[in-house]
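One structure is given below, encoded as structure tokens.
The values are calculated or read from the model by the stated rules, or taken from the named source; none is laboratory data. Predicted model, so just to flag it, every value in this text is computed and none were measured. Glycine gets a Cβ as well: all are built from the backbone with ideal geometry, and neighbour counts include every protein chain shown. What goes into the accessible areas is simple: the full protein's heavy atoms, side chains included, and nothing from ligands, DNA or RNA. Shrake-Rupley method; radii C 1.70, N 1.55, O 1.52, S 1.80 Å.
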Amino acid sequence: MEEKRNHKLYYTWNGMMYRCYKKYHSHYKYYGARGVTVDERWHDFWNFVEDVENHLFNGHLLYEKGYQLDKDIKGGKVYSLENCVVALKEENEERSRQKQQKKVLAFNETRNIEFESLAKASLQLGIKRSTMISCLRRGNRHSSGYYFKYIN
């Protein structure tokens, strides 16, 4: 039997496991810390390979560059055969960026201005993004007179 570290799907599987279970992983805060898990069957690497190769629609594409395993399209917090799909890397990353963007409200006594993202608020108001983040964290009013808060 081939050693799993040499298998083409190993880093897909390993990354999924580390994001969900290793607190020191750089993306754990977006996955494991938010309750994302891996189906018990997929804790075994060879079960994961079996399902990708024989049961996951378009699973063969994970062997090609430019494709990723995605659990968000169907909506769920579990990496599993039932919940995962194969997605183009660019589309998957764009969906992830959009999901992480939070709307921002800039307000004072007379105005409320809603922005699609912190970056857009910073650009349109001419206030450094880092300064806005500081105001958001502390609840401080900026010298422009605006307070900021995240909205859904």
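Annotations for the structure displayed:
- Å² of accessible area per residue within the chain, as computed with a 1.4 Å probe and no ligands counted: 67
- Spin-label pair GLU109/HIS25, simplified geometry with 7 Å Cα→Cβ offset, distance in nm: 5.1
- Each of SER117, LEU61, LEU81 was scored by the projection of its Cα onto the charge dipole of region 29-134, and the greatest displacement toward the positive side belongs to SER117; charges sit on the C-beta of Lys, Arg, Asp and Glu.
- Based on C-alpha pairs under 8 angstrom that are at least 6 apart in sequence, the chain has a relative contact order of 14 percent.
- Backbone geometry of region 2-13 corresponds, through the Karplus equation with coefficients 6.51, -1.76 and 1.60 at θ = phi - 60°, to 3J(HN,Hα) couplings of 4, 5, 5, 5, 8, 6, 5, 8, 4, 6, 5, 5 Hz, x marking Gly and Pro.
- Straight-distance crosslink candidates among aspartates and glutamates, where the alpha carbon sits under 20 Å from LYS4 and sequence neighbours closer than 8 are dropped: ASP39, GLU40, ASP44, GLU50, ASP51, GLU53, GLU64
- Ellipsoid semi-axes in whole angstrom, largest first, where each is sqrt(5λ) of the Cα gyration tensor of region 97-140: 16, 13, 11
- List TRP13, TRP46, ordered by accessible area with a 1.4 Å probe, largest first: TRP46, TRP13
- Solvent-accessible area of ARG141 with every protein chain in place, 1.4 Å probe, in Å² to the nearest 10: 130
- Here the label points at ASN83 and ASP39, each 7 Å from Cα along the C-beta direction, are separated by 1.0 nm in the simple model.
- Where HIS55, HIS27 fall by accessible area, highest first, once all protein chains stay in place (1.4 Å): HIS55, HIS27
- For the pair region 42-61 and region 90-152, the centres of their Cα atoms are 41 angstrom apart.
- Computed accessible area, ILE113, all protein chains, 1.4 angstrom probe, square angstrom: 30
- Here the scattering of the chain is modelled by Debye summation over its C-alpha atoms, one equal scatterer each and no solvent; at q = 0.12, 0.19 Å⁻¹ the log10 of I(q)/I(0) is -0.65, -1.08.
- Cleavage-rule hits, GluC sites (Glu not before Pro), region 48-141, DSSP coil, Cβ neighbours within 10 Å at most 14: GLU64, GLU82, GLU109, GLU116
- Only lysine pairs 8 or more places apart, or on different chains, with alpha-carbon atoms under 30 angstrom apart are counted in region 69-148, and they number 26.
- The charge dipole of region 1-116, taken about the Cα centre with unit charges on the Cβ atoms of Lys, Arg (+1) and Asp, Glu (-1), comes to about 600 debye, rounded to the nearest 20.
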